[in-house]
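Q: I'd like to ask you about the structure that follows.
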Amino acid sequence: MTGVTLAGVEAMLTVIAESTEAARRRGPAELPDGLVELITGLDLDALDDATFAELAASVGVDLRPGAGQPAMAVVNTVLDALPAELREAVLVRFLSVIYS
């Protein structure tokens with residue numbers, strides 16, 4: 001902490017409290033029925049980034065250029081529901097799409 005950062009702490013704490021309350025009101029993300037099974041059956045190596053982005057958009061996570069911030073609660077809920085090895089592969093593909 002420095003004098004510069006210390007001056008913004010109260011504002012930051014206010015934003016964190018407001019964001020936390022908004023997230024609590026919204027509740028947990030709900031996944032469409034069968035989504036985890038669908039993802040489990042995908043051959044991620046056969047999909048290019050554009051196709052992955054289109055598939056993600058079809059379930060409410062729009063990763064296409066210009067779409068803005070993706071719905072991270074949905075992304076995290078999907079990742080939590082997947083087996084570890086698939087979770088890593090989906091996360092790598094997700095990051096590839098948003099950072100390319």
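Q: Find how much the distance from Ala67 to Thr51 grows on full extension, using 0.36 nm per residue of separation minus their present alpha carbon separation; answer in nm with one decimal. Spell out each step's value before the answer.
A: Details: separation 16, 0.36 × 16 = 5.76 nm, distance 1.51 nm.
Result: 4.2 nm gained on full extension.
Q: When N is the residue count of the chain, what does its C-alpha Rg come to as a fraction of 2.2 N^0.38 Å?
A: Normalised by 2.2 N^0.38 Å, the Cα Rg of the chain equals 1.35.
Q: Now for a separate question. What's the extension gain from Val59 to Leu38 if we count 0.36 nm per residue and subtract their Cα-Cα distance?
A: Here the segment from Val59 to Leu38 would lengthen by 6.4 nm.
Q: Taking H placed 1.01 Å from N in the peptide plane, check which residues at least 5 places from Ala71 or on another chain put their amide H under 5 Å from its amide H.
A: Long-range HN contacts for Ala71: Asp62.
Q: Then there is this: Given the -39500 (n - 2.57) contribution per DSSP H run of 4+ residues, what per-residue ellipticity at 222 nm results for the chain, rounded to the nearest 500 deg cm²/dmol?
A: -18500 deg cm²/dmol
Q: With axes computed from alpha carbons, what is the tilt in degrees of helix 84-98 against the longest principal axis of the chain, rounded to the nearest 10 within 0 to 90?
A: Long axis of 84-98 versus the principal axis of the chain: about 70 degrees.
Q: Let me ask something additional. Mind pulling the angle between the C-alpha long axis of helix 9-26 and the longest principal axis of the chain? Nearest 10 degrees, somewhere in 0 to 90.
A: Computed tilt is about 40 degrees.
Q: Give me the accessible area per residue for the chain, probe 1.4 Å, as a whole number in Å². Don't skip to the answer; put the middle values down first.
A: Numbers: 7000 Å² over 100 residues.
Using a 1.4 Å probe on heavy atoms only, each residue of the chain averages 70 Å².
Q: Mind putting a number on the dipole of the chain about its Cα centre? Charges go on the C-beta only, +1 for Lys and Arg and -1 for Asp and Glu, and I need it in Debye to the nearest 20. Intermediate values should be presented prior to the final figure.
A: Values: 6 positive and 15 negative charges, 81 e Å.
Taking the Cα centre of the chain as origin, the dipole is about 400 debye.
Q: Have a look at Gln69, Leu13, Pro28 and report the one farthest towards the positive end of the charge dipole of the chain, computed about the Cα centre with Cβ charges (Lys/Arg +1, Asp/Glu -1).
A: Leu13
Q: I'd like the carbon and sulfur percentage of the solvent accessible area for the chain, probe radius 1.4 Å, heavy atoms only, ligands and nucleic acids excluded.
A: Working: 4140 of 7000 Å².
Accessible surface attributable to carbon and sulfur in the chain totals 59 percent.
Q: Which value, to two decimals, describes the C-alpha radius of gyration of the stretch 57-100 once divided by 2.2 N^0.38 Å?
A: Working: Rg = 10.5 Å, N = 44, 2.2 N^0.38 = 9.3 Å.
Compactness ratio reported: 1.13.
Q: Hey, another quick one. Per-residue counts of other Cβ atoms within 10 Å, averaged by peptide: what ranking do you get for 53-62, 80-89, 37-46, highest first? Intermediate values should be presented prior to the final figure.
A: Details: 53-62: 16.9, 80-89: 12.6, 37-46: 11.0.
Output ranking for 53-62, 80-89, 37-46: 53-62, 80-89, 37-46.
Q: If you don't mind, there's one more thing I want to ask. Relative contact order of the chain, please, whole-number percent, based on alpha carbon pairs below 8 angstrom and at least 6 residues apart.
A: On the way: 51 pairs, mean separation 27.5, N = 100.
Taking the mean separation of contacting Cα pairs over the length of the chain, I get 28 percent.
The values are calculated or read from the model by the stated rules, or taken from the named source; none is laboratory data. Keep in mind that what you see is a predicted model, and the values were worked out from it rather than measured. Ideal geometry is used to build each Cβ from the backbone, glycine not excepted, and the neighbour counts take in all protein chains shown. Protein only, heavy atoms only, side chains kept; ligands, DNA and RNA dropped before computing areas. Shrake-Rupley method; radii C 1.70, N 1.55, O 1.52, S 1.80 Å.
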